[in-house]
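Report on one structure; see the data block that follows.
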Amino acid sequence: MNTFLHVIIRSVLAVSIGMTSFIVYLLAFDIGFPLTFLSGTVTGLLSFFIVKGIQKSWWLNKKGITKRDFRYISRNLKEAKEKIKRLQKQQLKVRSLGAFKQILEINRLSRRIFQLVNKEPKRYYAAESFFYYHLDSVVELTEKYTFLAAQPGKNQEAFLSLQQTRTTLDELINSLEKDLQLVLAEDMDHLKIELNFANKHLSNKKDLK
């Protein structure tokens, strides 16, 4: 929400209001220059935070979520961002090409889901399984896999554990793909409606001809 443009807008407004207030206070009240300057500065700061609140309320209404929901989602997104960073670090630790491709795909799907929800917080509720279960699972498994795979002198049991982990990671990739589909489900429904409308319009045009 705190985009650069929003910051610029409220900063410009705050400075303009602060300067205007300073001139008004200077002409209307005989309280001395220091106190007048302080009053103008305080007015400008207050206007900055008021405009910030208005911008936030407008943004939340536009996104269709409440302040409480936004705080909850923001907290979970912050935690997810740290987990995705941990995932990205594992990418450089794997030696197997197959494992590298797996973790690359896990990173790609995780980042995509995160980006979509970060841009449109309302999508969070379609991806709760990702944030509550699947992301934690892939982070823990990839970390354990890269740790075990890096150990020298592995026995048969260690190789079997690594193979089972790879199999589980494949299953989790399928789960992440389903999570992504759920996040995009509303967009797909809108696309189907648009396609149906377009097809009907084209059919009507053909019938008229």
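The sum of -39500 (n - 2.57) across all DSSP H runs of n ≥ 4, divided by the residue count of the chain, sets its helix-only mean residue ellipticity at 222 nm to -29000 deg cm²/dmol. Phi-derived couplings, Karplus 6.51 cos²θ - 1.76 cosθ + 1.60 at θ = phi - 60°, listed residue by residue for region 87-99: 4, 4, 5, 5, 4, 8, 9, 7, 10, 7, 5, x, 5 Hz, with x used for Gly and Pro.
Average accessible surface for the chain: 68 Å² per residue, computed with a 1.4 Å probe over protein heavy atoms with every protein chain in place. Once the Cα-Cα distance is subtracted from the 0.36 nm per residue extended length, the GLU128 to PHE29 segment shows a gain of 29.9 nm. The residue among VAL7, MET19, VAL94 whose Cα reaches farthest toward the positive pole of the charge dipole of region 1-113, with charges on the beta-carbon of Lys, Arg, Asp and Glu, is VAL94.
Dipole size of the chain about its Cα centre, with +1 on Lys/Arg Cβ and -1 on Asp/Glu Cβ: approximately 360 debye, rounded to the nearest 20.
Computed extension gain for GLN91 through LYS119, at 0.36 nm per residue and net of the alpha carbon distance, reaches 7.6 nm. Relative contact order of region 1-141, taken over Cα pairs closer than 8 Å and 6 or more residues apart, is 21 percent.
Phi-derived couplings, Karplus 6.51 cos²θ - 1.76 cosθ + 1.60 at θ = phi - 60°, listed residue by residue for region 119-128: 6, 10, x, 4, 5, 3, 5, 7, 10, 4 Hz, with x used for Gly and Pro. Where (i) 1.04; (ii) 0.95; (iii) 1.61 are the candidate values, the label of the one calculated here for Cα Rg over 2.2 N^0.38 Å is (iii). Simple spin-label estimate for VAL12 and GLU143 gives 4.6 nm between the two label positions (7 Å along the Cα-to-Cβ direction from each Cα).
For the set LYS56/LYS85; LYS85/LYS119; LYS119/LYS144; LYS52/LYS119; LYS56/LYS119, the pairs lying more than 22 angstrom apart at their alpha carbons are LYS56/LYS85; LYS119/LYS144. The modelled label-to-label distance for the pair SER161/ASN61, using points 7 Å beyond Cα in the direction of Cβ, is 5.7 nm.
Derived scalar couplings between HN and Hα for region 27-37 equal 7, 8, 10, 9, 10, x, 5, x, 5, 5, 4 Hz in order, rounded to whole Hz, by the Karplus curve 6.51 cos²θ - 1.76 cosθ + 1.60 (θ = phi - 60°), x for Gly and Pro.
The values are calculated or read from the model by the stated rules, or taken from the named source; none is laboratory data. Treat the numbers as computed from the prediction; the structure is a model and nothing was measured. Cβ atoms come from the backbone with ideal geometry, glycine included; neighbour counts cover every protein chain shown. Side chains are part of the model used for accessible areas, which takes the heavy atoms of the whole protein and leaves out ligands, DNA and RNA. Shrake-Rupley method; radii C 1.70, N 1.55, O 1.52, S 1.80 Å.
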